[in-house]
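The structure appears right after this line, and notes come after that.
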Amino acid sequence: MPQPIDSVVNATITSRRKLLAGATGLLALAGLSACASEKSPQATTVGHAATPKTPDGVLKALAEGNQRFTSGQVQHPNQDSQRRGEQAGHQSPFALVHGCVDSRVAPEMLFDQGIGDLFVTRTAGAVLDDTLVGSMEFAVSSPYSVPLLVILGHSACGAVTGTLKAMEANPRDPQLPGEMEDFADQIAPVARSRKVSGSGSEAVTQVVEANALAVAKQLVERSAIIRKAVEEQRTRVVPAVYDLETGEVSWLES
């Protein structure tokens, strides 16, 4: 039996609506895909990045990685499952970064590096002790022989701030609780050498920079292994400061 004309019209209208809805959905998906493509540089994962072999090459790679981090164009190199598998049996780091324990200063993130790229050591205030120096000697020795050691301070450092406040309370013998006294013993002489007074942000900034320079110098003087690597130009020790607000690393002259 022929369908009533109203039923046919209604069916046609419904079909057209479904077709339009489907087309609209496809257009919307296409628009989302286009947006994703526009943003892809920020989320791109680079499978394998070339490994720098010289101090200058490593410094350039870290500086470029930090620039990607600050601009929001991170590539996440060497972070895929293939890299994880490759590095499971043998690591191939090209630098050691010694920094502060501060949770906001993660070297692999701020330098945009991946699995097996960096040795990382950390203490409050990035000060030195025997175990840490031994770890750095391990990094510059065979088979790793990393070309660069970075001493990384950071803005608004709590260890520096705490030391300066303790110096305000007792200039001759600043005291901090427990084993924290160890890093105060190393930071206080740096502050005195710069004739810094108070514990405000400007004072902290001055001591953070001075401390990174001092630690870099102390490391070379303290370790015959590292000193030899530096003298033979196989390894370079570079102090730097990370800005918590901008994400930028400033490289200092040692």
Amide H proximity to His154 below 5 Å, modelled H, separation 5+ or other chain, gives Tyr242
By the mean-Cβ-within-10 Å protection proxy, highest first, 193-206, 218-231 rank as 218-231, 193-206
Stretched fully, the stretch from Ser193 through Asp129 gains (0.36 nm per residue minus C-alpha distance, one decimal, in nm) 21.0 nm
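For segment 40-142, which whole-number percentage of the solvent-accessible area (1.4 Å probe, protein heavy atoms only) is attributable to carbon and sulfur atoms?
Values: 2530 of 4850 Å².
Carbon plus sulfur share of accessible area: 52 percent.
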accessible surface per residue for segment 185-254, probe 1.4 Å, DNA/RNA/ligands not counted, whole Å² -> 55 Å²
Under 5 Å from the placed amide H of Val120, counting only residues 5+ away or on other chains, we find Val97
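Roughly how many percent of the accessible protein surface of segment 160-209 is carbon and sulfur, given a 1.4 Å probe and a whole-percent answer? Can you show the working numbers first?
Numbers: 1430 of 2930 Å².
That fraction is 49 percent.
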Going residue by residue through segment 158-173, the Karplus relation 6.51 cos²θ - 1.76 cosθ + 1.60 with θ = phi - 60° gives ³J(HN,Hα) values, rounded to whole Hz and with x marking Gly or Pro, of x, 5, 5, 4, x, 5, 5, 5, 5, 5, 5, 6, 8, x, 7, 9
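At 1.4 Å probe radius, can you tell me the per residue accessible area of segment 100-142 in Å²?
Numbers: 1690 Å² over 43 residues.
Per-residue value: 39 Å².
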Karplus-derived 3J(HN,Hα) from phi for segment 213-224 (6.51 cos²θ - 1.76 cosθ + 1.60, θ = phi - 60°), whole Hz, x at Gly and Pro, runs 5, 5, 5, 4, 5, 4, 4, 5, 5, 7, 10, 5
Computed on Cα atoms only, the convex hull of segment 41-154 has an orientation-averaged projected area in nm² of 7.2 nm²
Counting sequence-distant residues (5 or more places) and residues on other chains, those with an amide H built under 5 Å from that of Val237 are Leu149
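The values are calculated or read from the model by the stated rules, or taken from the named source; none is laboratory data. Everything numeric in this text was worked out from a predicted model, so none of it was measured. Please note: Cβ atoms are built from the backbone with ideal geometry, for glycine as well, and neighbour counts cover all protein chains shown. All accessible areas refer to the heavy atoms of the entire protein, side chains included, with ligands and DNA or RNA removed. Shrake-Rupley method; radii C 1.70, N 1.55, O 1.52, S 1.80 Å.
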